[in-house]
Amino acid sequence: MVGPWLVFQRWDNGVLACRRLNAMLPLRRDQFDNLEKHTQSGIEFVERYTKFVKERTEIEISYAKQIRNLSKKYQPKKNSREEEENKYTSCRAFLSTLNELNDYAGQHEVIAENLSSQIIAELSRYLTELKAERKSHFQDGRKAQQHMESSWKQLESSKRRFERDCKEADRAQQYFEKMDNDINVTKADVEKARQQAQMRHQMAADSKTEYSNFLTKFNQEQNEHYYTVIPSIFQKLQEMEERRIERVGMSMKTYADVDRDVLPIVGKCLDGMTKAAESIEPKTDSKQVVDSYKSGFEPPGDLEFEDYGPGQAMKRTVSETSLSNSRGEGKERPSGGKSKGKLWPFIKNKNKGSGPEDFSHLPPEQRRKKLQAKIDDLNKDIQKEMDQKDALTKMKGVYEKNPQMGDPASVDPRLAEIAQNIEKLQFEVQKFEGWLAEVEGRLPSKSDPPRRQSGLYETQNSNSSTVGNNCAQDRESSPDGSYTEEQSSETQAKVTISNPPEVDDEFDDDEETLPTIGTCKAIYPFEGNAPLAGHNEGTISVTEGELLYVIEEDKGDGWTRVRRNEDEEGYVPTSYVEVFLETNAKDS
């Protein structure tokens, strides 16, 4: 039996050898197609995993945003009842929980950021490199296949030419032998036929040599193709695929590590929430309630027994401990003024709103606390102004010693303004200290025996020259000894006159709209937004040439109060506007 590779040594079986090669080439192409499909599916898997991590990142960002919004939503609002309730341990614990929750949301943002930078960005960059490498390897494989197909076509062409020349030589040989055996043919024709047969045999020999050379070359290229080129390409594809799988595994590990890295901080956030919950003290909160709403009133004294006698009517007594004070409301008291009910516990206070400046609408103890808090705030403001004054004084001294650093006179306007602010604040402190002295002088001592309160708050001496008496406001006392918060119009007028014109009332919201005293025209544009020191209103923005109403002149502080419409008013620098006051306003 002839071996499968011996057929290449038999020229007459060259067709079989080429058919064998032709059957092997599609098989190799099929393997390339399979590898191409497999590596493409690997790339799609990486893209799918990258998309998964990207969607997880979006979820983390959205979750963190919702958590932050939730924490912000339940934060106590400034100047609201919720902010006042922060003195209770339970409310402070809830605020701490909200702050920890905000930090907890930050850790989810860290997760999203790390997933994006450590996985998504890295895999996206790696995918670009992977696709380029895969494309290069398959291009090398296709080139090798195309080269083998080209060599095979050349071999096939030389084989057919060799076969054709052999057949032509056989026919020429048969024709020569026929002519040589025919006695009727001339020698010249025989010689011609012999020469033709020799030429055909020579051509067949040349074709055979060419075919043999092509076959040898093809066998060498084929051997190199299947034993060197293709295995090398397959090896590179295999290494590429292994690196891809390894990179995906590393990304999956990083995915877990990103979550694990934030666990300690998340644990601290949760520990902070637990610590906040454990800091709640019910007794402390209840004591805060007692301190906040302690009125300072003495309990009412005992009622005397009234015997019934003929012709004598028994007096009607109104209970001071009733949960409803509707009976006595709106009726004239014997003292001549309207008396408001005593602010006993559980009695609903109908006087809602900011109340007067001296907090006279509050019970004594609450009023004392409010006044003391106000004095403390004013002293802090004074200290701030003093610090600014000291700093500017030092700066002025530096300028005086080193004129090249600045003009000492440029600091004087600011120093004058600060001095004026300090004077205003000190006057405010004196005013509130006077009210505080009034309250502290009237608060009952704890050692005093329980007695019936009658005329607890008497009218202040209107002729007193002290700041405290100037600022004190008269109270009415009712026959039943209840605390009242009425002010006489005379005393109220004195308090108003005693206030400096520069100081604005803290309760401007309750005042009536000020009348216009003139108009003004803006000379320069001015942007205002912040509240002005010493004023409740902030500054108002104006444009050059804008006409506004003047409702308050410059009181020496360099600011004029103007109004644009019914709802928009504020202060502008006096030097920025040209003021036109009405005649009656100038006279006044």
*Close pairs from the range 58-71: first in a helix (DSSP H, G or I), partner of a type in the set (Val, Ile, Thr) and open to solvent by less than 50 Å² (accessible area, probe 1.4 Å), Cβ under 6 Å, at least 6 apart*: Glu60/Ile111
*Any chance the range 519-527 includes a residue that's surrounded by fewer than 16 Cβ atoms within 10 Å (Cβ to Cβ), modelled with pLDDT under 50 and aromatic (Phe, Trp, Tyr)?*
no
*Filter the range 77-109 down to the residues that are modelled with pLDDT under 85 and outside any helix (DSSP H, G or I), then identify the one that is nearest to Asp261 (Cα to Cα).*
Lys77
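Of all residues in the range 70-98 being of a type in the set (S, T, N, Q) and open to solvent by less than 70 Å² (accessible area, probe 1.4 Å), which is farthest from Ile265 (Cα to Cα)?
Only one residue fits best here, namely Ser80.
Okay, residues lined up against (1) within 25 Å of Gly42 (Cβ to Cβ); (2) open to solvent by less than 30 Å² (accessible area, probe 1.4 Å):
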| residue | (1), (2) |
| --- | --- |
| Ala121 | yes, no |
| Thr128 | yes, no |
| Ala132 | yes, no |
| His137 | yes, yes |
| Ala144 | yes, yes |
| Glu156 | no, yes |
| Ala169 | no, yes |
| Asn184 | no, no |
| Ala188 | no, no |
_Criterion first (in a helix (DSSP H, G or I), in contact (Cβ under 8 Å) with a residue 12 or more places away in the chain and under 23 Å from Met250 (Cβ atoms)) does Ala112 satisfy it?_
yes
_Pair list, Cβ under 6 Å, 6 or more apart: the range 258-277 residue outside any helix (DSSP H, G or I), other residue loosely packed, with under 14 Cβ neighbours inside 10 Å and among the basic types (Lys, Arg)_ = none
_Exclusive hit being without any contact (Cβ under 8 Å) to a residue 40 or more places away in the chain and surrounded by 14 or more Cβ atoms within 10 Å (Cβ to Cβ), set Ser212, Ser232_ = Ser232
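The values are calculated or read from the model by the stated rules, or taken from the named source; none is laboratory data. All of these numbers come straight from a predicted model, not from anything done at the bench. No Cβ is skipped: glycine too gets one built from the backbone with ideal geometry, and neighbour counts run over all protein chains shown. Heads up: the accessible areas ignore ligands, DNA and RNA and are worked out on the full protein's heavy atoms, side chains in. Shrake-Rupley method; radii C 1.70, N 1.55, O 1.52, S 1.80 Å.
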